[in-house]
Amino acid sequence: MTETEAVRAVSLRKTYGSGSAAIVALDDVTLTLARGTVAALLGPSGSGKSTLIKALGFVSPADSGEVFFEGRPVVKDGTALADLSRLRRKHLGFVFQKANLTSFLTARENVEIACEFGGKAMGRQRARELLQYLDVAHRENSYPETLSGGEQQRVAIARALANEPSLILADEPTAALDSVRSRNVMELFRKVAHERGAAVLVVTHDHRALDIFDVLHEMEDGRIRPSSHVVAHGQQPRQPL
Amino acid sequence: MNLAMRDVRRHLARFIGTAAGLGLLLTVVIAMQGIYAGMVDDATILTRAMRANLWLVQRDTRGPFAEGSRLDPSIEARAAAVPGVRRARPYTYQLIQREHRGAVMRIALVGLGWPDDPGSSLPLVRGRYLLQPHGEVIVDASLGLGIGESLVLAGEPYRIVGHTKNALTSGGDSVAFMSVADAQLIALDQPAEALLLERQRVVERLRRTDLGRGQPALEDLATDPRWRAPTLASPPLAAILVDTDPHRVAEVQSQLRSWGDVSVYTQAEEEALLLGGVVQRARMQIGLFTVILTLTAAVIVMMVMYNLTLEKTHDLAVLKLMGAPRTRLAGMVLQQAWLLGALGYALAHLAGQVAFPMFPRRVLITSTIAVLAPLATFVIVTLASMLGLHHVLRIDPARALEG
């Protein structure tokens, strides 16, 4: 384990179906995500990106292989070695293609509930701070359906940050946004990674914003392509959460 | 943060609408239970109001309510002479149907042995007991007749002097209490003039005899309203009510049972005859209907709760993905079910307060119903939420990632 390692996947393999209908979604995937970096996960549909996100997010474990979180083995060969629900609650943040905000909670409450799950004190205050940080504080009492797509995504990011996560997983977070808002959101991830020291993995098809990422990973047929590389601009100094 | 309340707040109108629907359903369930209880109470109130230790009726009959009973009036004096008997009272019972102010009125006429029994054991809510042997009647308030009004029966006016509450027969007919003589007068529809003339004739005959001339007090006896003119048919009684010394009920009952012309029932046995015979079928019908309604309510609540949970599947998957403890999400479903039940029951209670008095049959909310109904509602909504809970526990957090 390196000092900045957030999550490390080793030889992950996942197959859907069986026999001749079996589809290999992950095929010997090994990947490390470091804190303070924002990484992109590229690849065509069906290449295994979402399956990898689920495995790294401890939502749907791989059939074989190991996942380490901050150096500790958490999943091995499909078996949980820790309380995965607690791990998600305390250390992970998710951002989805659609904002997926809880429809019956206001913007602030969506963030506040994540603070509460993560055991953070002063949840309301922290939620307000995060909304302010993401420039949506003026909509704190609005319900998700009344927010614009961009506002919803910013609230979703605030929610993902609520528990001061070590790892943020974002699955096509800008798919529903126009190019300007899309870039804004990507820059927000970069800001979060660099200022707050989280490891951020973003699944994206949007090649216009690749210059924002520190690391690019490309998947094809369930494998990470060897051409994955570190982007030249490097990391910014970390700030405490 | 209370997720259940947040969800309710967001969908308040729909939640209240659902609670109102449940409330109406519970109103019907409670009404059926109340009608059932009312029927049982109505069936026994007539016997309880008389406060007699023993009921003497025609031999081998289940009278006077379950079937007709005809007793010779002389049995009253015979019963009163039995050791341990403190008092024997005549009792008549008949159903009549008359028109009053253009409306059909069904009345159960109960004859009381005035003056020994002026109706002092009756649960009066207004007015007084019978002070006159003739022309006075105590009626149930449900008849809608006011104190001081007159009710014309068999051509004679009867002034209403008292009101009872909930004195009804098992068939729901209101009960009127009057003297045995008046009740028999109505039963035989004999004009009072005929009785007075007959009594006068007896007095005249007495005066023509040595006995009558020698004992003028016999004339008073002949004109006593309790006395029946011998030339007219001596109407039978429906029952004789026997009050015994305390602790001698069994002894007196045993003695009376040895008589060849009567059957003897205790208060409890008389009630059992009523419940076992007259109202048994109706009880079973209403009881089964209540069970079906309760099950229907449970299934409807279950489907409502399930649908409410189903609609939130994606939200719940997201919350699960965020690491929400299962107990927190299960608690949300349960709290909503309980809130729905509490709100539904409160609405049912209010609806009952307004609607039940308007029912043609008495809806009796007993203390048992008052305690069991909210408890049953709690159990029903808890059980009904199980399907929703099962769904919540099975939601795969990965669904949140499926867009």
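Residues are listed down the side, and each one gets a yes or a no for (1) farther than 21 Å from B:LEU293 by Cβ; (2) touching a Phe, Trp or Tyr at 6+ places or on another chain (Cβ under 7 Å); (3) in contact (Cβ under 8 Å) with a residue 24 or more places away in the chain:
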position	(1), (2), (3)
B:LEU329	yes, no, yes
B:THR366	no, no, yes
B:ILE369	no, no, yes
B:LEU375	no, no, no
B:SER385	no, no, yes
B:HIS390	yes, no, no
B:LEU393	yes, no, yes
Which members of the range B:107-119 meet the condition of being within 20 Å of the chain's Cα centre (by Cα) and more than 18 Å from B:PRO64 (Cα to Cα)? B:GLY119
Among (1) at the interface with chain B (Cβ under 8 Å from one of its Cβ atoms); (2) touching a residue at least 24 places away in the same chain (Cβ under 8 Å), A:ALA99 falls short only on (1)
Among the numbered criteria (1) in a strand (DSSP E or B); (2) away from chain B (no Cβ under 14 Å); (3) not β-branched (Val, Ile, Thr), which single criterion is violated by A:GLY46? (1)
Regarding the range A:147-162, can at least one residue be identified that is in contact (Cβ under 8 Å) with a residue 12 or more places away in the chain and among the hydroxyl-bearing types (Ser, Thr, Tyr)? no
Among residues of the range A:49-82, those that are away from every other protein chain (no Cβ under 12 Å) and either of a type outside the set (Val, Ile, Thr) or under 14 Å from the mean Cα position of the chain (by Cα) (or both), counted: 17
Looking at the range A:175-182, is at least one residue among the aliphatic types (A, V, I, L, M), facing chain B (nearest Cβ under 9 Å) and more than 29 Å from A:HIS205 (Cα to Cα)? no
Which numbered condition B:ALA330 misses (of (1) more than 14 Å from every other protein chain (Cβ to nearest Cβ); (2) modelled with pLDDT of 85 or more; (3) within 30 Å of A:SER60 (Cβ to Cβ)): (1)
Checked the range A:41-89 for anything without any contact (Cβ under 8 Å) to a residue 60 or more places away in the chain and among the aromatic types (Phe, Trp, Tyr); matches are A:PHE58
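With respect to B:LEU241, determine if the residue is crowded, with 20+ Cβ neighbours inside 10 Å, more than 14 Å from every other protein chain (Cβ to nearest Cβ) and modelled with pLDDT under 85.
Criteria not met by B:LEU241.
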Counted residues in the range A:109-150 being within 16 Å of A:LEU188 (Cα to Cα) and surrounded by fewer than 21 Cβ atoms within 10 Å (Cβ to Cβ) come to 7
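Tell me the residue from B:ALA297, B:ALA346, B:ALA384 that is over 28 Å from the mean Cα position of the chain (by Cα) and not aromatic (Phe, Trp, Tyr), please.
B:ALA384
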Which residues, taken from the range B:1-49, are part of a helix (DSSP H, G or I), within 14 Å of chain A (Cβ to nearest Cβ) and either of a type in the set (Gly, Ala, Ser) or free of Cβ contacts under 8 Å to residues at least 12 places away in the same chain (or both)? B:ALA4, B:ARG6, B:ARG9, B:ARG10, B:LEU12, B:ALA13, B:ARG14
Exactly one of (1) farther than 14 Å from A:LEU169 by Cβ; (2) of a type outside the set (S, T, N, Q); (3) within 14 Å of another protein chain (Cβ to nearest Cβ); (4) within 14 Å of the chain's Cα centre (by Cα) is unmet by A:ALA107. Its number? (4)
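The values are calculated or read from the model by the stated rules, or taken from the named source; none is laboratory data. What you see is a predicted model; the values in this text were computed from it and never measured. Neighbour counts are summed over all protein chains in view; Cβ atoms, including those assigned to glycine, are modelled from backbone coordinates with ideal geometry.
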